[in-house]
Structures are given as structure tokens and as C-alpha cells.
Amino acid sequence: MQDISSKIKKSKSRHYIKSSSFIMALVFTILCGAAALSLGYFINYFTQGHFIETTEAALDAEIRYIEALGERDVLPKHTGKLYIYLDKNAPLPDYLSSSISRLAEGIIVFNYPKNNHRYAAKIYTSKNAQRILVGTDITSISKKFKFMQWLGVAAICFVMLIVFAAYVISVFVVTETNKIADTARDIMNTGDLSRRLEVGSKWDDLGNMTIVLNALLARVEELMTDVRQVSDNIAHDLRTPLTRMRSNIETLPESKNKDELLDEADHILNTFNALLRISRIEAEQQKSQFAPINLKNLLDDVAEFYAPLAEEKNINLTAILSDISLNGDRDLLFQAYANLLDNAIKFSPNGGTVKLTLTQKHNDTLITVQDSGVGIADNEKNKIFNRFYRGVKCRSTHGTGLGLSLVSAVIKLHGGTITVKDNNPGLKIITIL
Amino acid sequence: MAKPKRKYVCMRILVIEDDPEVQSYIAKGMKEAGHGVDTADNGKDGLFLATTEDYDALIVDRMLPELDGLTIIKTIRGAGNATPAIILSALGEVDDRVKGLRSGGDDYLTKPFAFAELLARVEILGRRKNDNLQNGDTKLYAGDLELDLLSRKVIRDGKTIDLQSREFQLLEYMMQNKGQVITRTMLLEHVWDYHFDPQTNVIDVHISRLRSKVDKGFDKAIIRTVRGAGYIIED
């Protein structure tokens, strides 16, 4: 658990840039934009080209017609066409030059003020050097062309809108998934299965997923409680017949066998009691016993209590304690640190050292227990707080396998954390309250 | 049952317990230890007996039909009856212990318990009722061992024995209850003042250290081990 949770802690909330939905939205937008732009370009290119070609063809046909009329000096009167005689070498009339622009090689475009239509025109020089401006009305085509241009602009605006919508959607999705991930990570770190994910809204897929995940969490919690309940019930139900058995053994006549039987019965009863006690602590029913306590005095008492045991093994037991008080359950804290010290002394070799320290770091109260024993392998470090787990190196020693589970339950009850590190040699157990 | 040589006090004890198995187990054991026992298997009968008869100690189960154990104790305390009472509980939560003691109980024992533990506690409670007069003494004696509560000195056979403060407290508590079996849990509760469960025999190590100071070099051992129960200090 410890390893996994530390890894999880390190991975912070994902950035938008790294989010898959954001990247997908971005790719989608780029493709969409490219499609719109190329479509617009092609429409523009082809319509403009076609427009110029047809205009030029119409003008050329008109000019050929005038040529065919020859010297008769008569101009045709086709509708939508315009014919103006120009002076020799003179520029265009003033009323035209104000709005003139060039459409293609030799073709000009202007507004004809007399009827306010738009014309495309070519200048034709006849055989007798008469310059004639031949125009054709392009008002409706030009309007359509303008419309096409507007359509292109609208398409680009539309794509921009899609970009914006995609951004909003991806931000929403990333925020929501981040929220879910954060809560899930919290649940894993604290082991508090009673927590639920926040359901933002019911209509979107994420909301739906959150509801399903919450149902999953509820099921996991139920199963975990069931497992605990079962072991508690076994312990509870077996305790009564065991007590009866123990009292029956007590009434037996004195013998060596009787003492062994009593020891055995006591061991089983102690295991059951410890199991039930851990469950009660984990159920957080014991906060009612919380009161201000002087941690220094308490740890002093623990160290003093274990001093003779350390002395017997020639272990150098030192306690470096700062004067710190906090709110807690006196008996449970004593039990927790007694268990830790008991282990430290048990697993330290003769002549080893055991160190108990209490320090304040920022807002945290740090209590460490260090020993110079055999230590434990890395792959066992996250298991030692599990119920009934007994390390490879201590299977042969006396104990229930519940001591550290109890410690962990007590520390959690006080809102603290517990971590295991190598002390080289030995083990360092750090508790933060 | 280990039968230590102890100051023989015959007590009259009332056991209020609804589980017949536990009730007969306690009654049988108490009778074997030389005490007179009355029993009741529900709260109402129990309260009736406790108020009408004169007992040296009450053993009351917490959960009883008709009337629960804490109410019985509160009721008799309210009536000015100070008979020492020990509460038995199957729940064993720390919270319960505090509630039990607040309601007027003198001691609290969690099921399952060793009979020796219950007997030791009941006998101490019963004796406290009789020997309250001794409270004015400032010196405790056990054989040729003398413990001065004021100067905090321990003298045996004219020689001063150097004790650390915890060792002094240990000896003081045992000498105050001279002739009574003291269990390891009782020592934890009274000398160290913590309710907890030591994983190893640390108490025995403390006692053996005290013993090496008090009894070493003397013919007669003052601190004796009672097998299956605890320790006893005798004259």
C-alpha cells in the first residue's frame, strides 16, 4: 500500500495539454479548419476563373460582332451590353475612372453611374482607329460572387466556433475527469472507502460514469465490511466457547499439561481480542476518549516500561523527546508505541541500539522508532501492517501477527500516517501525528 | 486453581449474571476460594438482593435482562450503599470502561477473563472496605521489610535498599495489598496507570528486577509468584 500510494501521490492532476480529449479536440479542429479552408479556396478559385473566362468570352463575342458589322459604324443594341466611344488616346471618361478596377489582363470593371450597374469591359480599337469600350453587365454574377466570398468567411467563422466549442468541451471533460481521479486517489491514499465521487450533472456521460463508479465503491466498501464483519463474527462467536473451554481447563487438577493448555487458550483469546479491538478502533468509535495529553510524558513512560527488557538484552535504549502535547487517546497511544518498542527490542540483537525520538516538524509531530535488528525486505514493507502478516524472519517468534495492525489502526484513528524505512542496519518506523 | 497462602477473609459476594455457565463458573470458584456466594440471573432480582442483604462485594454483568448492570450500581449508590462493585462486560470497549467506572463501579473486567484475575480484584475490593482505617499509616511493613511513604525509603533488616521511583511504586502498591494476589494487569493499571496489553512479559522483568533488590541475599522471599495468577507479598 505504502509504495503504491506514494507513487499515486507523485502523479499530479493531468494538464490540459496532456489530456487525450483535448488533443483529440485539437486534431479535430485542425482537420476541420483545413477542410473548410481548402473548400473555400477551391470554390473561390473555380468560380473566379469561370467568371473571368465567361466574361471574356462574352466580350470577345461582342467585339467580333462589331467587327463583322464593319464600316457601317452602327453599334448593336444587345441587352445588358454597353458601348461607349472613346476619344483617341484619351483616358477613360471621368465618371468611370472613379470606381475602376482591373479584373484580368485587358478587362476592367467599373460601376456605370447612369444605371448604377456593374460592368466588365474591354477596349476595342476598330480598323479606322476608333476606340470603343465594350462592356457587359456583371451585376448579378458579381453579387453571387460576393455571396460566395461571404460564405467562405462564414465557414471560417464556423470553424472558429467549433474550435471554441471543442476547447470548452475538452476543458469540461478534463476538469471532470481530474476531479474523479483526485477523489479516487484520495480514497486510495486514505483508505476511506465511505467517500464518494461528486456527481456533477446527470445528463452527461461523465456524470453517468461517476454514478456507476460510486456504485462500484459502495460495493467494494460493502465487501470490505463483510470481510471484516465475518472475521469479527468468527472472533466474537468463538470467544464464548473458548472462554468456557478456558474456565474448564482452569478447574482441572494441577499438571504441566494444564499450564500448556491455558497458555494455548490465552494465546487464541488474545488473538481474538486483538482482532476485535482493531476493528473497533478502525470503526472510529473510540474518539470519545480523546483528551489533551503530553506526548513526551507518555513516550517517557513507554521507554521506562521497556527499559528493563532492553537492559536484559544489553540493548542501548535512548529516548530523545521534545515537549509536545496533543489531543489523543492515552491508552491507545501507549499501546501503539509499546508495540513498536516491543518489536524493536525483540528484533534487535544483543548489544544493539533502539532509539525513540519525538520532534516537531512544521505542523507535524514526528515520532520515530529505530532499531538495529535484521530489518525487513522491501517487498515486505507494505505488508507488515496487514492483519496476521508475519515477516519471513519472524515467523518463529512468539506473537499474534496483529501488533502492527493495531499500531496502524491507532495512528489512523489519530489522523496520522505511518511509514517504514531502512535504518541500515535495522528498521526505522516513522509515525506522523 | 492455585491456592496461595493468604490472609483468610471470608467474604459475602453477590453475583448478578444472566449467563448460567458464567454464573456457575464464578460461584463455584468463589466458593472454592472460601467465600459465600448469592446469585441472581436478572437485574430486578439482583437489585432486590443488593439493597436488602449486606454484601462485601458485588459482581455485576453489564448486560442483564430487566435492568442493566450500570443502572443497578447507580441505584444502590444513590441510596447511599457503598458496597464495592465490579462490572463484567462482554463488550470490552474502552468507552464502556469509563462509563462503567463513572456510574459508580469500583472496577471493570472484560470477558473473557481468567478466574484468578476476578478473584484477585474482588478480594482487593472487599479488603479495601474493611481496612480503610489503615489509611493514616505512613509506613508499610511486610516481614522485616519496611517502606516509608514520607521519606520514600525502603529498609530491610536494617539495610537501606535503593529503588528507582517505579520500583518504589510497584513495591508500595503490592505492600498496600499485602496478603492479596496482585495480577499483572492490576499492576499495569495501578502502577503505570495505562490500560493496555503488553505483548511480552515485561511486567515479569520489572518484578524480577525489584526482587533482585529486595529479596537477594535474604533467606525468605517477600515477593512470591502465584502461578497462573500474579504476585503476592507476604509477611
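Quick note: the coordinates plus some simple rules give every number you see, no bench work behind them. Because the structure is a prediction, the values reported are computed rather than measured. FYI the Cβ positions are ideal-geometry reconstructions off the backbone, even for glycines, and counts take in every protein chain you see.
Structure values in brief
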| item | result |
| --- | --- |
| Segment B:137-233, dipole about Cα centre (Lys/Arg Cβ +1, Asp/Glu Cβ -1), debye to the nearest 20 | 260 debye |
| Computed lengthening from A:Arg185 to A:Asn270, 0.36 nm per intervening residue step minus Cα-Cα distance | 27.0 nm |
| Computed [θ] at 222 nm, deg cm²/dmol, the protein assembly as shown (DSSP H ≥ 4; -39,500 (n - 2.57); rounded to nearest 500) | -16500 deg cm²/dmol |
| Exposed-site-free run, longest, chain A (rule: GluC sites (Glu not before Pro); DSSP loop; at most 16 other C-beta within 10 Å) | A:285-433 |
| Rounded, prolate or oblate (a/c below 1.5 giving rounded, otherwise prolate when a/b exceeds b/c) for segment B:12-132 by Cα gyration tensor | rounded |
| Radius, Kirkwood style, for segment B:137-233 when every pair of distinct Cα atoms is counted (Å) | 13.7 Å |
| Förster radius 56 Å - calculated FRET efficiency between A:Leu326 and B:Asp18, Cβ distance, rounded to 0.05 | 0.85 |
| Segment B:38-105 - Rg and Dmax from Cα coordinates, angstrom | 11.0, 32 |
| Over 20 Å between alpha carbons, listed pairs A:Lys256/B:Lys220; A:Lys313/B:Lys220; B:Lys44/B:Lys74; A:Lys355/A:Lys421; B:Lys28/B:Lys111 | A:Lys256/B:Lys220; A:Lys313/B:Lys220 |
| Zero-based 10 Å bins, Cα pair distances in chain A, whole percents | 4, 13, 16, 13, 9, 7, 6, 5, 5, 7, 7, 5, 2, 1, 0, 0 |
| Farthest positive-ward along the protein assembly as shown dipole, Cα basis, beta-carbon charges - from A:Ser98, A:Met245, A:Gln360 | A:Ser98 |
| Chymotrypsin sites (Phe, Trp or Tyr not before Pro) within segment A:190-295, DSSP loop, no more than 13 other Cβ atoms inside 10 Å | A:Trp203 |
| Shape of chain B, Cα gyration tensor, a/c cut at 1.5 | prolate |
| Length added when fully stretched, A:Val171-A:Leu69, from 0.36 nm per residue minus Cα-Cα | 29.5 nm |
| DSSP-loop GluC sites (Glu not before Pro) across segment B:13-89, with at most 12 other Cβ within 10 angstrom | B:Glu53 |
| Label-point separation in nm, A:Ala377 to B:Tyr141, each point 7 Å along Cα→Cβ | 6.5 nm |
